[in-house]
1. In nm, to one decimal, how far is the Tyr55 label point from the Glu25 one, both placed 7 Å along Cα→Cβ?
2. Assuming R0 = 22 Å, can you tell me the calculated FRET efficiency for the pair Arg33 and Ser62, based on Cβ-Cβ distance, to the nearest 0.05?
3. 5 Å is the cut-off here: which amide hydrogens, built 1.01 Å from N in the peptide plane, fall below it relative to Leu35, excluding neighbours closer than 5 in sequence?
4. How far, in nm, would the chain grow between Met43 and Lys94 when pulled straight, counting 0.36 nm per residue and subtracting the alpha carbon separation?
Amino acid sequence: MVEKESAFGWSAPPGDLQRRWPRDEAGEFVAPRYLATRSSVDMADVFLINLLEAYGVPVLRSYPGDGAFGKVVLGMSGTGSALYVPETLYAKAKDLMEADFEWEDSND
């Protein structure tokens, strides 16, 4: 049986994303939309991914160029991470990414 290829370039999002990625009315996975590229060196990609996922926005991460090789060898991608979110949650993700959060010091 040949599976239908989607906007992901494969039949479904990888791993745990299959459970968290939204589906449309027809039951197909919502198409991913490019959100941003963030550096892996200072963990900006990880912080943004964790922020978005904390607010219910699943994130698909890819490593452009030779980034996947760097991720394997160095534990991080020297070219950064390209981040994709569901098309239906793009506006929410963009707002969260651009929000100016006020941090409270819990030691007070």
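1. For Tyr55 paired with Glu25, the spin-label model returns 2.8 nm.
2. Computed FRET efficiency for Arg33 and Ser62: 0.95.
3. Leu83, Tyr84, Val85
4. Working: separation 51, 0.36 × 51 = 18.36 nm, distance 1.87 nm.
Contour length minus Cα-Cα distance gives 16.5 nm.
Every number here is computed from the coordinates shown, using simple stated rules; none is lab data. These figures come from a predicted structure and were not determined experimentally. Cβ sites come from the backbone with ideal geometry, for glycine too, and all protein chains shown count toward neighbours.
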